[in-house]
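Following: one structure in structure tokens, then a few remarks.
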Amino acid sequence: MILDHLKKQVKFKIVYHGPALAGKTTNVLKIAENRGEELLSFNTKTERTLVFDMVKEEREVKGFKATFIIYTIPGQDIYSEIRKMVMRGADGVVYVVDSAEDRLQDNKHFLEVLSDDLKLYGKDIEEIPVVIQYNKRDLGNALPLEELNKEINVINKPFTEAVAIENKGVEETLDLIIDEIIAHFGKLLK
């Protein structure tokens with residue numbers, strides 16, 4: 001968070017984290033499209049995120065102009081150093097879960113990766129604002145929400161359902177993580 005009391009501005013960093021191909025980039029792309037903005041993106045030839053994707057959201061919060069810079073991380077293990085760099089300074093995280101039954105272990109593993117990434121910067125997954133988004137709910141092999149939540153949400157965080165490719169649940173997820181960040185940092189904005 002960067003706070004400028006004189007200008008009444010505050011900037012927050014939101015990172016969409018999770019395993020490869022879970023829908024992180026799709027979420028951020030839909031956020032950009034919904035606002036008529038361009039997505040800053042660095043992709044591989046197969047259109048998978050190589051470095052990060054980025055877009056911003058601006059809102060008025062308690063008399064301050066709040067800017068939320070929204071990033072994705074690359075989900076492939078070979079880009080772990082880049083992922084760790086993108087996580088620096090994160091004020092909130094959307095953990096994007098692929099709802100497919102065969103991705104359950106990847107989702108669980110990457111939740112541990114998220115915890116480790118946060119620890120690198122002195123942050124605790126229990127303390128930082130995190131929203132879990134169960135994406136790809138339209139898949140025929142999607143696990144039931146109750147089962148997914150029991151298996152994944154061991155940190156008891158707020159969660160949403162989404163079909164990001166259809167723009168379902170994208171804005172709700174963004175609103176929820178922004179609410180969580182504002183609640184977490186609200187004392188500083190007085």
Can you name the condition, by its number, that M85 falls short on among (1) in a helix (DSSP H, G or I); (2) surrounded by 17 or more Cβ atoms within 10 Å (Cβ to Cβ); (3) not basic (K, R)?
(2)
Give me a count of the residues in segment 102-146 that are among the polar types (S, T, N, Q) and either farther than 21 Å from Q76 by Cα or touching a residue at least 60 places away in the same chain (Cβ under 8 Å) (or both).
4
Going by the conditions given, is V55 in contact with a strand residue (DSSP E or B) (Cβ under 6 Å, 6 or more places away or on another chain), at pLDDT 90 or above, closer than 13 Å to K24 by Cβ and outside any helix (DSSP H, G or I)?
no
Pairs under 6 Å by beta carbon, first residue closer than 12 Å to I132 by Cβ in segment 87-101, partner buried (at least 22 other Cβ atoms within 10 Å of the Cβ) and of a type in the set (F, W, Y), six or more apart or different chains?
V94/Y16; V96/Y16; V97/Y134; S99/Y134
Search result, residues across segment 66-83 that are within 18 Å of L118 (Cα to Cα) and aromatic (F, W, Y)
Y71, Y79
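Residues are listed down the side, and each one gets a yes or a no for (1) at pLDDT below 85; (2) crowded, with 23+ Cβ neighbours inside 10 Å; (3) in a strand (DSSP E or B); (4) over 15 Å from the mean Cα position of the chain (by Cα):
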position: K13; (1), (2), (3), (4): no, no, yes, no
position: A20; (1), (2), (3), (4): no, no, no, no
position: N27; (1), (2), (3), (4): no, yes, no, no
position: K30; (1), (2), (3), (4): no, yes, no, no
position: G36; (1), (2), (3), (4): no, no, no, yes
position: T46; (1), (2), (3), (4): yes, no, no, yes
position: E60; (1), (2), (3), (4): no, no, yes, yes
position: I69; (1), (2), (3), (4): no, no, yes, no
position: P74; (1), (2), (3), (4): yes, yes, no, no
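The values are calculated or read from the model by the stated rules, or taken from the named source; none is laboratory data. Note that this is a predicted model, so its numbers are computed, not measured. No Cβ is skipped: glycine too gets one built from the backbone with ideal geometry, and neighbour counts run over all protein chains shown.
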